[in-house]
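S.K.: Take this structure, written in structure tokens, and hold onto it; I'll ask about it next.
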Amino acid sequence: MVARRAPKRSSDLGPRTSDLGIYVHIPFCSAICNYCNFNRGLYDANLKARYVEALRREIANAPEGLAADTLFFGGGTPSLLAAEDVASIVAAVRDRVDLDRAAEITLETNPETVDRAKLERFREAGVNRLSFGVQSFHDAELQRLGRIHSAERARAAVREARAAGFDNVSLDLMMWLPGQSVGEWLSNVAELIAAGPDHASLYLLELYPNAPLKEDMARAGWSQAPDDDAAEMYLRAMETLEAAGLRQYEISNVARPGRESRHNVKYWQDGEWLAFGCGAHGTLAGVRWKNVSGTEDYIARVTSGADPVSERRHLSADTRLEEALFTGLRLVEGLDLDEVGARYGVNVWDKYGAALVPFVEAGWLVREGSRARLTRAGMLMANEVLSVFV
Ligand code: SF4
């Protein structure tokens with residue numbers, strides 16, 4: 001299948017395009033945070049060199065004739081790579097894929113891994129968007145999470161990014177941290193606004209079973225605030241951010257107009273993307289695949305010419321429809337039910353309307369013509385509403 005740049009419709013987020021996204025996974029970290037269950041391990045220079053080589057090889061074997069307009073380095077901690085590594089991966093992508101000259105190229109960056117000079121080199125390597133894992137502007141909270149940067153290092157990293165010429169900077173914050181009050185959370189939001197980002201992602205801390213943080217919490221007697229406080233944290237943060245010009249466009253994401261994450265919007269707008277690296281999963285032409293998770297396993301497979309894919313499945317039209325609705329309703333603008341229905345040959349309201357009516361009556365879901373969207377109150381109940389589709 002050849003993806004070409006064909007706008008399909010317009011919305012606040014711009015046209016939904018058939019261009020692909022490209023995701024590259026970098027599984028290395030300087031230290032392992034006590035709440036993290038991503039696919040990652042400790043940095044090792046030799047392993048990193050072999051991994052980058054394997055990535056270049058996997059990219060060189062990607063299908064030909066594809067066009068992409070976003071490239072996202074996620075992890076892990078991609079900013080542990082040298083700028084030359086990033087440049088060589090971008091070059092490998094450009095060799096194989098028609099990557100738009102104006103492509104959004106994002107690097108997830110941890111504040112302690114960079115200084116101004118390194119950020120300048122990343123920029124020269126083609127990176128034009130930084131997504132900083134700040135998580136908190138309180139040192140005590142950062143220490144509780146096992147993060148190795150300080151609040152001041154995070155603030156300095158944002159200043160360095162601006163000095164290096166980045167005009168698209170995103171900050172991640174985590175809310176509902178152990179021992180965090182509503183007031184402490186809102187002071188984090190105020191610090192974030194003061195740092196002046198173009199985009200921010202707010203994540204609720206999720207404690208997975210056996211997370212070391214759970215043991216730390218039990219030992220230290222920290223607990224998370226009650227659910228009502230978590231709801232207040234979310235609602236007041238969104239109000240404060242919007243008042244500061246950072247418009248909410250997705251359940252967890254806000255941006256200045258035009259600075260929405262073009263890459264992540266593909267996930268929510270039923271888009272397609274290629275994925276490279278260990279544990280990475282991609283979707284193209286109705287097929288979803290996932291690479292082996294282990295870094296050494298991945299390198300061994302790619303280096304020997306074997307397929308790094310460990311799972312590959314054809315998505316049925318029903319599954320694709322469910323996913324399009326499930327992810328599309330995460331966007332503040334919601335989605336056009338007629339358009340999604342036409343894509344998959346069904347009348348969406350005939351199929352799901354009866355199950356959705358109670359949410360409309362509760363004020364969680366709004367129908368406007370052929371569009372449907374969650375209200376902010378509905379976003380707090382998103383799991384319940386979206387479960388209709390799974
Ligand atoms: S830096 Fe990110 S990926 Fe690495 S251990 Fe911490 S949370 Fe996980």
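The values are calculated or read from the model by the stated rules, or taken from the named source; none is laboratory data. What you see is a predicted model, and the numbers here were worked out from it, not measured in a lab. Cβ sites come from the backbone with ideal geometry, for glycine too, and all protein chains shown count toward neighbours.
S.K.: Based on what the data block shows, is Val189 buried (at least 21 other Cβ atoms within 10 Å of the Cβ) and away from the ligand (no atom under 15 Å from the Cβ)?
M.R.: Judged against the criteria, Val189 is a match.
S.K.: I've got another one for you. Going through region 59-77 one residue at a time, which ones are free of Cβ contacts under 8 Å to residues at least 60 places away in the same chain and either touching a Ser or Thr at 6+ places or on another chain (Cβ under 7 Å) or basic (Lys, Arg) (or both)?
M.R.: Phe73, Thr77, listed by residue number.
S.K.: Out of region 235-290, which residues are hydroxyl-bearing (Ser, Thr, Tyr) and closer than 20 Å to Phe38 by Cβ? Don't jump to the end; show me each part of the working.
M.R.: We begin by selecting, within region 235-290, every residue hydroxyl-bearing (Ser, Thr, Tyr); these are 240, 249, 252, 261, 267, 283.
Within region 235-290, Ser252, Ser261, Tyr267, Thr283 qualify.
S.K.: A follow-up question, please. From (1) among the aliphatic types (A, V, I, L, M); (2) under 19 Å from Met379 (Cα atoms); (3) crowded, with 17+ Cβ neighbours inside 10 Å, pick out the condition that doesn't hold for Ala164.
M.R.: (2)
S.K.: Please state which of the following conditions Ser79 fails to meet, knowing it meets all the rest: (1) outside any strand (DSSP E or B); (2) away from the ligand (no atom under 16 Å from the Cβ); (3) at pLDDT 95 or above; (4) over 25 Å from Ile251 (Cα atoms).
M.R.: Failing condition for Ser79: (2).
S.K.: For region 32-64, what are the residues that are within 16 Å of the ligand (Cβ to nearest atom) and part of a helix (DSSP H, G or I)? Can you show your working first?
M.R.: Step one: of region 32-64, the residues within 16 Å of the ligand (Cβ to nearest atom) are 32-44, 47-48, 51.
Within region 32-64, Leu47, Lys48, Tyr51 meet the criteria.
S.K.: Okay, next question. Out of region 145-186, which residues are of a type outside the set (A, V, I, L, M) and within 14 Å of the ligand (Cβ to nearest atom)?
M.R.: Of the residues in region 145-186, the ones of a type outside the set (A, V, I, L, M) are 146-147, 149-150, 152-153, 155, 159-160, 162, 165-168, 170, 172, 176, 178-181, 183-185.
Hits for region 145-186 are Gly146, Arg147, His149, Arg153, Asp172.
S.K.: Quick one: Asp336 ticks every box in (1) more than 18 Å from Leu13 (Cα to Cα); (2) charged (D, E, K, R); (3) touching a Lys or Arg at 6+ places or on another chain (Cβ under 6 Å) except a single one, so which number is it?
M.R.: Of (1) more than 18 Å from Leu13 (Cα to Cα); (2) charged (D, E, K, R); (3) touching a Lys or Arg at 6+ places or on another chain (Cβ under 6 Å), only one is false for Asp336: (1).
S.K.: Show me the strands (runs of 3 or more DSSP E) entirely contained within region 281-383 in which 2 or more residues are of a type in the set (A, V, I, L, M) and either out of contact with any strand residue (DSSP E or B) (no Cβ under 8 Å at 6 or more places or on another chain) or modelled with pLDDT of 95 or more (or both).
M.R.: Numbers: elements: 281-284, 287-291, 309-314, 365-368, 371-374.
Those strands (runs of 3 or more DSSP E) span 365-368, 371-374.
S.K.: If you check every pair at least six apart or on different chains, which have Cβ atoms under 6 Å apart with a residue in region 28-49 that is free of Cβ contacts under 8 Å to residues at least 40 places away in the same chain first and a residue that is crowded, with 18+ Cβ neighbours inside 10 Å and among the small types (Gly, Ala, Ser) second?
M.R.: Arg40/Gly76
S.K.: Can you name every residue in region 1-36 that is among the polar types (S, T, N, Q) and modelled with pLDDT of 90 or more? Break it down stepwise before answering.
M.R.: Taking region 1-36 and keeping what is among the polar types (S, T, N, Q), we get 10-11, 17-18, 30, 34.
Across region 1-36, the qualifying residues are Ser30, Asn34.
S.K.: From the list Leu241, Leu235, Leu213, exactly one residue is of a type in the set (A, V, I, L, M, F, W, C) and within 19 Å of Arg147 (Cα to Cα). Which is it?
M.R.: Details: Leu241 fails: within 19 Å of Arg147 (Cα to Cα); Leu235 fails: within 19 Å of Arg147 (Cα to Cα).
None of the other options fit; the residue is Leu213.
S.K.: Let me ask you something else. Taking helices (runs of 4 or more DSSP H) that do not extend beyond region 95-202, which have at least 3 residues that are small (Gly, Ala, Ser)?
M.R.: On the way: elements: 116-124, 139-144, 151-163, 182-195.
By residue number, 151-163, 182-195.
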